[in-house]
């Protein structure tokens, strides 16, 4: 699992049959907590390249989310078979703490 920011959505002309009607989002992995030495309002530090994740929670662009890399869990969540080509899914929407 990792914390990420939702950067955008994915549009495709064709999808695997198990992904029809499923929303795909671009997520950017980030540090889970802000460093106290960072100035207030500083953007979170990126920890890896952007990735694509399934979204069944309705995350908005710019939202901070928790992403799971449990491919089998994602297949179960989508009621898909073992041929479902998905590994990542958004499993929680994180609230922002008041400043």
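The values are calculated or read from the model by the stated rules, or taken from the named source; none is laboratory data. What you see is a predicted model, and the numbers here were worked out from it, not measured in a lab. Cβ atoms come from the backbone with ideal geometry, glycine included; neighbour counts cover every protein chain shown.
Tabulated data
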{"quantity": "1 or more residues more than 9 Å from the chain's Cα centre (by Cα) and surrounded by 12 or more Cβ atoms within 10 Å (Cβ to Cβ): qualifying strands (runs of 3 or more DSSP E) within the range 1-72", "calculated": "2-9, 23-29"}
{"quantity": "Subset of the range 73-93 [surrounded by 13 or more Cβ atoms within 10 Å (Cβ to Cβ) and either modelled with pLDDT of 95 or more or not in a loop (DSSP other than H, G, I, E, B) (or both)]", "calculated": "73, 74, 75, 77, 89, 90, 91, 92, 93"}
{"quantity": "Close pairs from the range 1-17: first free of Cβ contacts under 8 Å to residues at least 24 places away in the same chain, partner part of a strand (DSSP E or B), Cβ under 6 Å, at least 6 apart", "calculated": "none"}
